[in-house]
Every structure is written in structure tokens, then in C-alpha cells.
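Everything below concerns the one structure shown next.
The values are calculated or read from the model by the stated rules, or taken from the named source; none is laboratory data. These numbers come from a predicted model, not from an experiment. FYI the Cβ positions are ideal-geometry reconstructions off the backbone, even for glycines, and counts take in every protein chain you see. Accessible surface is based on the protein model in full, side chains and every heavy atom, while ligands, DNA and RNA are left aside. Shrake-Rupley method; radii C 1.70, N 1.55, O 1.52, S 1.80 Å.
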Amino acid sequence: MSLANRLEIPADLDAWLRETRRMIHMRPELLCEEHETSELVQKHLTELGVSFRKGVGGDGRPLYMSPEIIERAGIKTFPTTGGTGVLGEVRGTRGKGDGKVVLLRADMDALPIEEANDVPYKSQTPGKMHACGHDLHTTILLGVAEVLSGMTDTFDGSVKLMFQPGEEGAGGAVAMIHDGILENPSVDAAFALHVTSELTPGNVALGAGPHAAAADTFEIRVTGKGGHAAFPHTTVDTTLVCAHILIALQTLVAREIDPIETAVVTVGTMHAGTAHNIIPQTAKLTGTVRTYKPELRDYLEQRIAEMAATIAQGFRATAETVYLRGYPPMINDPEMTAFAQSVAEELLGVDNVHYGKPMMAGEDLAFVLEKVPGCMLSLGTGNPERGLIYPPHHPRFDADEDALAVGVRVLSAIALRYLDADV
Ligand SMILES: [Zn+2]
Ligand SMILES: [Zn+2]
């Protein structure tokens, strides 16, 4: 029997996947608050007889920023993982040897977005929505648990199932890594899926190398001398200083970075002043920096602070920059990407496996792929005929649930082939 036939999803499992996805979709929980979702995951793993550890990464430590950065940024409260991380493990029983260990990841958190879809399974929590497809990711990994736990006699080694909290900015993966998920037994490779509206069910995309960007933030605090708008000579105008810094920052990528390289510097907010006739004492800019290469990241961190400080100095003001490093770039390992591609082609057909171009968004799986080789694939969940065209993070994002079975099959096939299963 071929791998594709062997991984045919029975109708009752397919129905269960759709129902479960809707259940999770209707009860979205924000980052590090995924208690109900975590309980649902644990309940299902228990029913399947899959061993798991709960509360993984939930020891309350700051997730990925160093203590001195947190202090410098004046962050008073910092999210902890909330104790919702779950690590399941399906162990092979073939008995031919020790075998390897492969980790598959799903994220469980929703976004602070009001859902604009009018569907029976619409979010029942105002202001919260599964707009990034993590309801599908979690459901798919539960489906994988079911498929693989029924095939343990075909492989040795084990499959670790990582259900992580706080993907949307909290670095839940880091807390789980700190808590030892990559050890005992030590993980050889890691894979994950992320939904995309750009492809339809039955299609996946992937690409080797940098795939999601390092996503950092900065805040520039300008201090001058406030006063009356009609007596500018007695003041140091921080609004004007901010304007000069803003324009100068846009020259960093344009004039200091090799045009062949990729980097983004965006100033997203600029706050100064309270009234038309007052020159403000202080002003503030915040923005984000996206890069793939560590040396460019270091360079921009240094130059943003230098530029802000020296421009402010030229205007007799001061500027202090706080730079917060977010997720590192996510690098898909070339060998693991080629491997995943070959498995996807075997399962879905060559025509349905596409090249996935890099994007400048951040992705928490980056922390896992820093430690072990692996790859993230994009799973087609779009359907233009049904109006399912909106991208993740959009209030009208929704997914074609035909993709659930595809996701289960792809991840199961990758794990089975990686463990050299008899399939
Ligand atoms: Zn997202
Ligand atoms: Zn996401």
C-alpha cells in the first residue's frame, strides 16, 4: 500500500477535525491564556493514550528578553506562558532499534481582533479571534496524534507533539525549550505547518533558507526644552527633532545597506505635543526593524541609536533609544526542506508542491529551528470561490476546512518518512 493510501483520512476522523476546529475557533484565547484549548488538547491525548507533559514552560520566567533589556524598557509586567504548553510523545514500537526523534509543532493562541465573518462557528468572545489559523494548527496536530498512535508498530524512535502557547509575540516556544522539550530524548529535526490563503487545500509551499524575518522594535525618547510656541528661541523643539530623526532613519536602508540585502525600518508611531501653541518638552517615536542576517540586525540596532542621538545633539536635544530584540529570523534547513518537499510531492503530487517565498513577518518556530534543523511549510487553506481570500490577521480571515485532512496527512507523512517507517 502506498503512503498516500495508507494515510487516507477516514470520514469520521475528518468530521471530528472539522468539529474540533470549530470548537477551538469559537473559544479563542489570547497568547499565554490558552487554558481551555490546552485542556482540550490534554483531553484528546488522554483519550488516545498518548503520553504527555502539561504546564510545559509555565514557570513564570520572562520569555525571551534579557532582564536588563526589560528593565531598560521600563516593562513592569511581562507575560509568562501561563502554564498552557503541552508536550505529547508518540513512541514507536517496531523494535528494530532506537530510532530518531522528530518534533512537530502547533501553536494555540488567538489574536485581539473582532471577527467580521458571519458564520455559525464565529468567535463567541468579543474582541478575540483565531485570525492566524492556530485553531487549524492545533486541530491538525491532534489529528496527527490520532493517526500516528495507530501506527506505532511501523516505526522506531518517537514523535514529539509540541502544543505551544504565546506564538503571537510572547515567545512561548522559548519557554518550552527552556523547559527541556528538545531533550530526553533529544530531538533530531522539527517541522510545522502554517496556513496560507494564497493556496487552496491540497497544496503546500516551502522554501529553504530564511523564511520569516527577525522582528525587533525600537522606541526613541527625545527630550528638549518645552515652552511657548511664540517664543521658539527659548525652547528646544522636540517635534522638529523627531521629524528630522524620522527622515534620517529612512536613509539607513536606502543608503547604508547593500541593495541586494533585505531589511525594513518602519516608524509606526510619533507622539509629540498637547496643543497648537505649546512646544513639547518630550516626544517619542516607535518602530520596527525586520532583517534576515544577524550582521544587518546588529548594524541597524547600533545605527538607529547613533543617528537618533547625534541628530538630537545637533538640535541641542537628547535622544535615548531602547531597542528590543524580538524573534530571530526563521531559517529553514536546506536538507530538511528538500526532504519535506520530497515527502509532500510523494503525497500530494509534484504540481501541488510550490516554492514558498520568504516573508518579513516574525515566527516563533525560529527559536526551535535555531537549535535543530527543520522546516515550516505553508498549508493552502484559501478558496476564492467561497470568498476565503483574506490573509491571516485580517478580521475576515477564514479557512477551507478541507485543508485539515491535508495537514494531518502531510505532517504524519513527514514524521513517518523521517523515522524510516514501514509505510
Ligand atoms: Zn499570526
Ligand atoms: Zn500564525
Residue list for the range 11-51, filter: outside any helix (DSSP H, G or I) and open to solvent by 70 Å² or more (accessible area, probe 1.4 Å): Arg27, Glu33
Residue in the range 169-177 that is open to solvent by 10 Å² or more (accessible area, probe 1.4 Å), away from ligand 2 (no atom under 16 Å from the Cβ) and touching a strand residue (DSSP E or B) at 6+ places or on another chain (Cβ under 6 Å) present: no
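If you take the residues in the range 152-168 that are over 14 Å from the mean Cα position of the chain (by Cα) and of a type outside the set (A, V, I, L, M, F, W, C), which one is surrounded by the most Cβ atoms within 10 Å (Cβ to Cβ)? Break it down stepwise before answering.
Let us first name the residues in the range 152-168 that are over 14 Å from the mean Cα position of the chain (by Cα), namely 152-161.
Add one more test, that the residue is of a type outside the set (A, V, I, L, M, F, W, C), and what stays is 152-154, 156-158, 160.
On the way: Thr152: 17, Asp153: 11, Thr154: 17, Asp156: 18, Gly157: 21, Ser158: 24, Lys160: 21.
Across the range 152-168, the extreme among qualifying residues is Ser158.
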Hits in the range 377-397 - residues which are within 16 Å of ligand 1 (Cβ to nearest atom) and open to solvent by 10 Å² or more (accessible area, probe 1.4 Å): Ser378, Tyr390, Pro391, Pro392, His393, His394, Pro395, Arg396
First in the range 141-163 and farther than 16 Å from Leu3 by Cα, second anywhere and open to solvent by 10 Å² or more (accessible area, probe 1.4 Å) and of a type in the set (D, E, K, R), Cβ under 6 Å, 6 or more apart: Asp156/Arg94; Asp156/Lys96; Gly157/Lys100; Ser158/Glu89; Ser158/Arg91; Lys160/Glu89
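Of all residues in the range 88-133, how many are charged (D, E, K, R) and assigned to a strand (DSSP E or B)? Walk me through it before giving the result.
Within the range 88-133, the subset charged (D, E, K, R) is 89, 91, 94, 96, 98, 100, 105, 107, 109, 114-115, 118, 122, 128.
Restricting the remaining residues to those that are assigned to a strand (DSSP E or B) gives 89, 91, 105, 107.
Qualifying residue count for the region: 4.
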Any chance Phe155 is away from ligand 1 (no atom under 13 Å from the Cβ), touching a helix residue (DSSP H, G or I) at 6+ places or on another chain (Cβ under 8 Å) and within 30 Å of Arg325 (Cβ to Cβ): no
Failed condition for Glu370, given (1) outside any loop (DSSP other than H, G, I, E, B); (2) more than 16 Å from ligand 2 (Cβ to nearest atom); (3) within 27 Å of Ala4 (Cα to Cα); (4) within 17 Å of the chain's Cα centre (by Cα): (3)
Enumerated strands (runs of 3 or more DSSP E) restricted to the range 204-266, each holding at least 2 residues that are basic (Lys, Arg), closer than 30 Å to Pro373 by Cβ and in contact (Cβ under 8 Å) with a residue 24 or more places away in the chain: none
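Test Phe155 against the stated conditions and say whether it is within 16 Å of ligand 2 (Cβ to nearest atom) and under 26 Å from Lys371 (Cα atoms). Reasoning before the result, please.
On the way: within 16 Å of ligand 2 (Cβ to nearest atom): no; under 26 Å from Lys371 (Cα atoms): yes.
No, not satisfied.
Quick grid of which residues meet (1) closer than 17 Å to Thr84 by Cβ; (2) open to solvent by 10 Å² or more (accessible area, probe 1.4 Å); (3) within 16 Å of ligand 1 (Cβ to nearest atom):
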position	(1), (2), (3)
Ala110	yes, no, yes
Lys122	no, yes, no
Gly133	no, no, yes
Ser149	no, yes, no
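Test Thr138 against the stated conditions and say whether it is among the polar types (S, T, N, Q), away from ligand 2 (no atom under 16 Å from the Cβ) and at negative phi.
No, not satisfied.
Give the range 193-247 a look and list any residue that's among the small types (Gly, Ala, Ser) and in contact with a Gly (Cβ under 8 Å, 6 or more places away or on another chain), or say none.
Going through the range 193-247, the residues among the small types (Gly, Ala, Ser) turn out to be 197, 202, 205, 207-209, 212-215, 224, 226-227, 229-230, 243.
Correct list: Ser197, Gly202, Ala205, Gly207, Ala212, Ala213, Ala214, Ala215.
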Residue within the range 360-373 that is surrounded by fewer than 23 Cβ atoms within 10 Å (Cβ to Cβ) and under 18 Å from Arg409 (Cα atoms) present: no
Test: Glu198 is crowded, with 24+ Cβ neighbours inside 10 Å, more than 12 Å from ligand 2 (Cβ to nearest atom), over 18 Å from Val90 (Cβ atoms) and not aliphatic (A, V, I, L, M): no
Every residue from the range 246-270 that is touching a strand residue (DSSP E or B) at 6+ places or on another chain (Cβ under 7 Å), surrounded by 12 or more Cβ atoms within 10 Å (Cβ to Cβ) and closer than 30 Å to Phe231 by Cα: Leu246, Leu249, Val267, Met270
